[in-house]
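Trainee: This is the structure, below, for whatever I ask next.
Read-outs: derived from the displayed coordinates by stated rules, not from any lab. A quick note: this is a predicted structure, and the numbers were derived from the prediction, not measured. Heads up, the Cβs are rebuilt from the backbone with ideal geometry, glycines too, and the neighbour counts pull from every protein chain shown.
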């Protein structure tokens, strides 16, 4: 028991002075494990000896067998594979998905005034989002089907079909804020990190992408499949609704915009052809949840819908 | 021999299985410390981006007394609607649109992470644009687009999308006219 107390006390000291722990502080203070517990210097693959690290050091200090230490290192390796993908990598992935978006949805919609307006509304949302330092880009796709989606790295798309179906700027802001939320919450990255392509990859860096174009291509295929066909998990869609409503509110729009658009969409459900229905949860269910969220805001009175300005920009265009 | 006797006996068996859970618990605590966000103190907020204006009065068009950079800390003196009255590190007092402030100091993006624990290192490199130009798609994208035979017009569309920028004055005027952003909630 004395030894246990000693170890726990020293462990607490290590927690208080983590940098000391990093520097091998434990190695110096803890009594070495009994000789009978020492593993031979040579191991099956020699990795543990060749790459001394924190887990190795702590494990040995606690007298853990080599097998257990290796098992722990493997475990950490798996967790490491699930680490967030870096922003640089995210942008590279998003750019490739953006090329696919233009290719599959009729290309760029050729109206500079509408594009300018879209960017003004989009940037108003981005500025109050949780990733205001990320360079977001907004574009209109020349497709009549109603759809909007976000590629990683801040590439946001809306089809001209969806844009024309909106009634005011608050609705546009609501739709864009939902897509911005997908990016700030890194929903797509989270999906592919746990997917078949990257599930077994321990590092996903720019260097790794360049070195293995096939893997890069597979990741893009997986993302486009999710974005354009299967859709994200329902929970992620609901979360994007909630976060997007908050962004629209912060930006000063009436946050009911997304709900109003969904009401329009619900009327068209079963009539209009739209991949929106297959890539998003039930519209009615979303509206119900949004109502609950909106009830939590107490100071919405007077926040604008900007119907006239929207008509000036879009309907007149 | 009863279980009680076994418990009180000195450990001569060499069974040190009890060490594993302790080790795991300590490792978990350690990782928690490494990854926990910077603590935020009550009343202290941080600029979420560069160029966050602190104005003398509540009106966003009033005299600018300070401009905050990303991560700059301010002490919140009071809150009124969508505005916060703050004191900057240099002691200047004024009003800020509160949604441009964050409770957590923006991270630098660096950290030990698990790579350090496993002794492995990841290589990070900023990807250059194809052809080394400022404009144009990234090399990986160009390579991908060629492989998938995606038309040049669609690649150019992404290039234009990335190159598009709004003049700050136009953006400010847009928000002001729509009572949005720092002009929202009655502030003018």
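Trainee: Provide the packing ranking of B:84-90, A:161-167, i.e. peptides ordered by the mean count of other C-beta atoms within 10 Å per residue, highest first. Don't skip to the end; give the middle numbers.
Mentor: Numbers: B:84-90: 17.1, A:161-167: 19.9.
Those peptides, ordered most packed to least, come out A:161-167, B:84-90.
Trainee: Also, I was wondering about something else. Under the definition of partner shielding as Cβ atoms of other protein chains within 10 Å of a residue Cβ, what is the mean value for peptide B:149-158? Don't jump to the answer; show the numbers that get you there.
Mentor: On the way: counts 1, 6, 4, 0, 4, 11, 5, 4, 11, 15.
Going residue by residue through B:149-158 and averaging, the value is 6.
Trainee: When the gyration tensor of segment A:87-315 is built from Cα positions, what are the square roots of 5 times its three eigenvalues, in whole Å, from largest to smallest?
Mentor: 29, 19, 17
Trainee: Inside 10 Å of the C-beta atoms of A:206-212, what's the mean count of C-beta atoms belonging to other chains?
Mentor: Working: counts 9, 5, 2, 6, 5, 1, 0.
Across the residues of A:206-212, the mean count of other-chain Cβ atoms within 10 Å is 4.
Trainee: Between residue A:215 and residue A:300, what is 0.36 nm times their sequence separation minus the Cα-Cα distance? Round to one decimal in nm. If you can, show how the numbers build up before the last one.
Mentor: On the way: separation 85, 0.36 × 85 = 30.60 nm, distance 4.74 nm.
Roughly 25.9 nm would be gained on extension.
Trainee: Roughly how crowded by other chains is peptide A:120-129, in terms of the mean Cβ count from those chains within 10 Å of each of its Cβ atoms? Before the final figure, lay out each step's value.
Mentor: Numbers: counts 8, 3, 1, 6, 7, 2, 1, 10, 10, 2.
Neighbouring Cβ atoms belonging to other protein chains average 5 per residue here.
Trainee: Sticking with this structure for a sec: Highest mean first, how do B:171-179, A:101-109, A:285-293 rank when packing is the count of other Cβ atoms within 10 Å averaged over residues? Working shown, then result.
Mentor: Values: B:171-179: 17.1, A:101-109: 20.4, A:285-293: 15.6.
Listed from highest to lowest mean packing, they are A:101-109, B:171-179, A:285-293.
Trainee: Of the listed peptides A:179-188, A:136-145, A:91-100, B:60-69, what is their order by residue-averaged count of other C-beta atoms within 10 Å, with the highest listed first?
Mentor: A:91-100, A:179-188, A:136-145, B:60-69
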